[in-house]
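For reference, the structure is listed below as structure tokens.
The values are calculated or read from the model by the stated rules, or taken from the named source; none is laboratory data. Everything numeric here is computed off the predicted structure, so don't read it as measured data. For neighbour counting, all protein chains shown are included, and Cβ atoms are generated from backbone atoms with ideal geometry for every residue, glycine included. Surface areas here come from the heavy atoms of the whole protein model, side chains and all, with no ligands, DNA or RNA. Shrake-Rupley method; radii C 1.70, N 1.55, O 1.52, S 1.80 Å.
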Amino acid sequence: MTDEPLAPGLYLVATPIGNLEDITLRALRVLRSVDRIACEDTRQTRKLLDRYGITTPTISSHEHNEAERSGQLIEELENGARIAVVSDAGTPGISDPGMVLTGAAIAAGVAVYPVPGASAVLAASGLGTERFSFVGFLPPKAGARRTALEELAETVAAPTTLVFCEAPHRIVETLADVEAVWGADCRVVLGRELTKLHEEFLRGTVSTIREQLGRRESIRGEMVLLVDAQPLSSGSAAGGRSLLERLGELDKAEGLTEKDALKRIARERGVSKSELWRELQRERSRGK
């Protein structure tokens, strides 16, 4: 470990995603040496600092006050301060606060130094990493979430691992949406409570994992979902057919009305009729 003094500037320090031992020697040196640490949650960061006997002063900088706080911190940085920014877990700015302060520092001509560390993407690996895309959290509302997944599917030109963060109370619904877009045989990896005491990995087809979670009395813990996203044929949905195409098939083969056909398809896909109605409106809107 070097004893050279730390240069002035902003340090983006990755912190453990669970296990407090997953911290680099460089990160510890930076956290000890800076003048101040800007934290997503000072109480959460204090657990890490206390573990390693670090007494550097902290200040809050989270999603609700980052824009306002940045002005104060940039003024200090312009006067030669050394400031570290950390989130509760992982790298600041990636689905966490930090980007506003980083952008302001760059605009002000302040040196910005990345200090890499633990990665939930790598920790949950199990699918191909030759090509992957970190998406972060999907929209919480069902219709917006399905639309976001469908839009992502349209951009996948080659096999790609998509990486999502998800809340435990939405994970089963999200898996159902993934199944509707990429099909029941789409491979997924679900990492729960990564690097912590109750760490768990579920690997298999999306339908299998969805059914497995659906049988549990409760689902808890932070989650990372990896999806083996394969290119879809033009205009296709799960199973190779769009909803409009399936409606046409049922009309031609059985003379079903749109209402009755939607009921049938809802049973086939294991989703609600209201979800299919929203999907139908999106398909018709894209076809205009």
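If I compute solvent accessible area with a 1.4 Å probe over the protein chains, what percent of it on the chain is carbon and sulfur? Write down the numbers at each step before the final one.
Numbers: 7370 of 14730 Å².
Here carbon and sulfur together make up 50 percent of the probe-accessible area.
Applying a DSSP loop filter and a limit of 13 other Cβ atoms within 10 Å to the trypsin sites (Lys or Arg not before Pro) in region 149-231 leaves ARG215, ARG216, ARG220. Using the Kirkwood radius built from alpha carbon pairs, what does the Stokes-Einstein equation give as D for the chain at 37 °C and 0.692 mPa s, in µm² per second? Using the Kirkwood radius from Cα pairs, D works out to 154 µm²/s.
Between amide H atoms placed 1.01 Å from N, distances below 5 Å from PHE137 occur with CYS165, all of them 5 or more places distant or on a separate chain. For region 63-172, the fraction of C-alpha pairs more than 20 angstrom apart is 56%. Each pair of Cα atoms in region 94-240 enters the Kirkwood radius, and Stokes-Einstein at 20 °C and 1.002 mPa s then converts it into a translational diffusion coefficient of 130 µm²/s.
How much mean residue ellipticity at 222 nm does the chain get from its helices, if each DSSP H run of length 4 or more adds -39500 (n - 2.57) and you divide by all residues, to the nearest 500 deg cm²/dmol?
Details: 11 runs with 118 residues, N = 288.
Mean residue ellipticity, 222 nm, calculated: -12500 deg cm²/dmol.
Among the GluC sites (Glu not before Pro) in region 1-107, those placed in a DSSP loop whose Cβ has at most 16 other Cβ atoms within 10 Å are GLU21, GLU63. On full extension, the segment bounded by GLN212 and GLN281 gains 21.7 nm, given 0.36 nm per residue less the C-alpha separation. Taking a ≥ b ≥ c as the square roots of the Cα gyration tensor eigenvalues, region 146-207 comes out prolate, since a/c reaches at least 1.5 and a/b is larger than b/c.
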